[in-house]
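One structure is given below, encoded as structure tokens.
The values are calculated or read from the model by the stated rules, or taken from the named source; none is laboratory data. The model shown is predicted, which means the values in this text are computed figures rather than measured ones. Here Cβ is always computed from backbone atoms with ideal geometry, including for glycine, and neighbour counts include all displayed protein chains. With ligands, DNA and RNA removed, areas are computed over all heavy atoms of the protein, side chains included. Shrake-Rupley method; radii C 1.70, N 1.55, O 1.52, S 1.80 Å.
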Amino acid sequence: MRRSARTAPAALTPLADHVDPAWLPSEAFRALGSRRTVVCGTGALVDTVHGEVAWACGAFGGSVVRAEEPADDRPCDLLLHLGERLDAPEPLGDEGFTLVRRRGRTTVTAAGQRGLLYGLFHVVRLGEAAFGASRAREAHRPALASRMLDHWDNVAVHPVMGQVERGYAGGSLFWRDGRARGDLERVRTYGRLLAACGINAVAVNNVNVHATEAHLLTDRIGEVAEIAGALRPYGIRTQLSVTFAAPLVLGGLATADPLDEAVRAWWAEATGRVYAAIPDFGGYVVKADSEGQPGPFAYGRSHADGANLLADALAPYGGTVHWRAFVYDHRQDWRDRSTDRARAAYDHFVPLDGRFRDNAVLQVKHGPMDFQVREPVSPVIGAMPRTRLAVEVQATQEYTGQQRHVCALAPMWSQVLRWRPEGATGTSVGELARGGLVAVSNAGDDPYWTGHPLAQANLYTVGRLGWQPDADPFGLLDEWIDLTFTPARTEAPERLVAGLRAVLYRSWRTYEKYTAPLGVGFMVQPGHHYGPSVDGYEYSPWGTYHFADRDGVGVDRTRATGTGYAGQYAKPWAEVYESPDTCPDELLLFFHHVPYGHVLHSGRTVIQHIYDTHFEGVAEVEEARQVWASLVDLVEPARHTRVAERYEEQLRGAREWRDHINSYFFRKSGVPDAHGRRIH
Ligand code: BDP
């Protein structure tokens, strides 16, 4: 073996003091960094791998060499090998790797550079366990080929939505002062965090494409290229949200009709220029005919026509269009059963199954409404077998506490991904998501990346679920805890882990308890969506109603008497949801309008459930706040303080929710609390 002539890449620039290392603190690299490693192979991502190991060795005294070929006689503890032949039972693709430990040496082999990078981060996650007892050869590969983050970032600060639409973590990581950030080190560091949890694509601008942002596609593509350059070393492809009206607003054409030849030629040419600037560009993201965005309906064309137009422009370069299925009429009132917003995506898209190109991915929100704390799984997933679907979730906590409340969403996402549209024996959502998993990012230029330091767990776990949709969500939270807090290096590892589990594991259910009950959704302040306003959207045209009156509450979405939405599911679920007797409690008010005295499976009446859960939710926040306070000696002070402050706000918010919801339903129903508690 000869040492490569290549000079070792410089160690990674250490983060500025005020930027949190999140799940990659140097301590997480201790096991790796104190060993002897050989990195074998050539390429830009192999350089990244080598740079990572060199940095870790700098911190912990190990050593690393580059080699062109592996050699058995060279003493080393870890061999990271980019090799043609993988000894794996099935092809592992560009992103897979194998890991084996024999005779005191751990070997990671990957056929593609990305695979080597993921193998490296796997070793980091294993820590000392990577260097302990022998391990039989394991093969790893992502279940979903595309694991993307959508950033709802505006380049220019939007007068209403600010720089990051639904952003709760400061400014944008990509854009500042109306242009791409000059300093791309932060972007590169972000890419590193994302690679370590398995994300491989990032859409860098808002799906609502405003006038300034439209130009990123054409005259400002150079700025996108800069960002792509900073993400590329970590195997991340860049995507761009584009406006369907681009031929009109940028190209000066008289139409954006997807079947018009001049329009098709315009997109082909514009796309060619994008690839000239960014050869590994991932593709486009499109929100069309939704909440004011332009789309093919204006020309009497279908959404398959629209998506295929862009798919055809991208096809010569291997790009993909992510076409969002979030299409509904936000200006209609509840006129008749057909205008139930929950029905819209299915009604628009299911008839188009089979008409989308192979490189068009239909990106479907996980629920039929809009990222509520509890929704059924969208019936679109499972109803379009001849279309590549991506499932979209929301890491940014628009409706789940806006990163002021702790709400670890992995357990909810996991439920979605494990759900089986055809019933118990059918295929799971995770398996049906051939177009991948997409999350609206919750990161910004906040020193902790996500505003609330514990919201980092959502970013981490969403990437890991994209890699393995059937992973145990609590196991993934444990992984995040382990990497981020390196408990083994603290005075009381067990207390720290137990405390963090206590504040994270049930936080989603706690949040659900003190907000909108039993799947009914919304009840938030209009516009910004933070805090309670039970009737905030009740009489507006957005289609998000609860129909509470003096007798009962909930939305009748049955086939028999309601909007018929329940009938959009395959038979087993359509039947389960159709009747209040079989509908799961937590979704009861999504599917049914019931009297307050209706008895749930839990044995409680609906009204008593509302009262009880709201008291419980607040009590659970009080408890979690106490647990967090008890970890003060084990958590870095600045982080501890930031979380402690957020708990004060969460508790205030939870009490406010409790009081609004309980008093609203007490006044509507006149039914007193069975336990005689004070309801304001
Ligand atoms: C809703 C948000 C809105 C987004 C929209 C979307 O309130 O800001 O633009 O979703 O997904 O949740 O396009």
Handout entry: Diffusion constant of the stretch 125-213 at 37 °C, which comes from Stokes-Einstein with the Kirkwood Cα-pair radius and 0.692 mPa s, µm²/s
Key = 211
Completion exercise
The Cα radius of gyration of the stretch 517-562, divided by 2.2 N^0.38 Å with N its residue count, comes to 1.21
Exercise for the section: Using only alpha carbon pairs under 8 Å that are at least six residues apart, calculate the relative contact order of the chain and give it in whole percent. Expected result: 11
Completion exercise
Row for the stretch 463-521, column shape: gyration tensor on C-alpha, a ≥ b ≥ c, rounded if a/c < 1.5 i.e. under 1.5, prolate if a/b over b/c, else oblate; value oblate
Handout entry: From the C-alpha gyration tensor of the stretch 407-492, square roots of 5λ in Å
Key = 28, 16, 9
Fill in the blank from the handout: In terms of the charge dipole of the chain, which places +1 on Lys and Arg and -1 on Asp and Glu at the beta carbon, the residue among 107, 155, 356 farthest towards the positive end is 107
Exercise for the section: Would you list, by chain and number, the lysines whose Cα falls below 22 Å from the Cα of residue 571, excluding same-chain residues fewer than 8 positions away? Expected result: 365
Handout entry: Debye log10 I(q)/I(0) for the stretch 511-617, one point scatterer per Cα, at q = 0.20, 0.21, 0.22, 0.23 Å⁻¹
Key = -1.08, -1.16, -1.24, -1.30
Handout entry: log₁₀ of I(q)/I(0) at q = 0.10, 0.21 Å⁻¹ - the stretch 72-228, Debye sum with one point per alpha carbon
Key = -0.51, -1.23
Fill in the blank from the handout: If exposed means trypsin sites (Lys or Arg not before Pro) lying in a DSSP loop and surrounded by at most 14 other beta carbons within 10 Å, then the longest stretch of the chain lacking such sites spans residues 104-330
Completion exercise
FRET efficiency for residue 641 and residue 492 from the Cβ-Cβ distance with R0 = 25 Å, rounded to 0.05, comes out at 0.80
Completion exercise
Per the Kirkwood formula over distinct C-alpha pairs, the hydrodynamic radius of the stretch 430-575 in angstrom is 19.0
Fill in the blank from the handout: the chain, convex hull of Cα, quarter of hull surface, nm² -> 29.8
Exercise for the section: Evaluate the distance, in nm, between pseudo-label points positioned 7 Å from the Cα of residue 329 and of residue 680 along their respective Cα→Cβ axes. Expected result: 3.9
Fill in the blank from the handout: With DSSP loop assignment and no more than 16 other C-beta atoms within 10 Å, the GluC sites (Glu not before Pro) in the stretch 187-256 are none
Handout entry: Ellipsoid semi-axes in whole angstrom, largest first, where each is sqrt(5λ) of the Cα gyration tensor of the stretch 353-424
Key = 26, 14, 9
Practice task
Treat the stretch 264-350 as a sphere of radius equal to its Kirkwood radius over Cα pairs and apply Stokes-Einstein at 25 °C in a medium of 0.890 mPa s; give the translational diffusion coefficient in µm²/s, rounded to a whole number.
Solution key: 171
Fill in the blank from the handout: Classified through the alpha carbon gyration tensor (a ≥ b ≥ c as square roots of its eigenvalues; rounded if a/c is under 1.5, else prolate when a/b is larger than b/c, else oblate), the stretch 445-495 comes out oblate
Problem - residue 34 - accessible surface, heavy atoms, 1.4 Å probe, Å² rounded to 10 - result: 60
Fill in the blank from the handout: Within the under-13-Å Cβ sphere about residue 421, not counting residue 421, Lys/Arg +1 and Asp/Glu -1 give a net charge of +1
Exercise for the section: Calculate the translational D of the stretch 133-292 in whole µm² s⁻¹ from Stokes-Einstein, where the hydrodynamic radius comes from the Kirkwood formula applied to all Cα pairs, the temperature is 25 °C and the viscosity 0.890 mPa s. Expected result: 146
Problem - Three semi-axes of the equivalent ellipsoid, the stretch 367-465, Cα gyration tensor, whole Å, largest first - result: 27, 13, 11
Exercise for the section: Excluding residue 352 itself, calculate the net charge of residues whose Cβ lies under 14 Å from the Cβ of residue 352, where each Lys or Arg counts +1 and each Asp or Glu counts -1. Expected result: +2
Practice task
Work out, step by step, the length gained on full extension between residue 138 and residue 570: first 0.36 nm times the residue separation, then minus their alpha carbon distance; give nm to one decimal.
Solution key: 151.8 nm
Completion exercise
Counting only protein heavy atoms and rolling a 1.4 Å probe, one gets per residue an accessible area for the stretch 430-576 in Å² of 33
Exercise for the section: Quickly estimate the mean residue ellipticity at 222 nm for the chain, helices only: each DSSP H run with n ≥ 4 gives -39500 (n - 2.57), and the total goes over all residues, rounded to 500. Expected result: -10500 deg cm²/dmol
Exercise for the section: Take 593, 81 and sort them by solvent-accessible surface of the protein heavy atoms, 1.4 Å probe, largest at the top. Expected result: 593, 81
Practice task
Evaluate the charge dipole of the chain about its Cα centre and quote only its size in Debye, nearest 20, assuming +1 on the Cβ of each Lys and Arg and -1 on the Cβ of each Asp and Glu.
Solution key: 1200
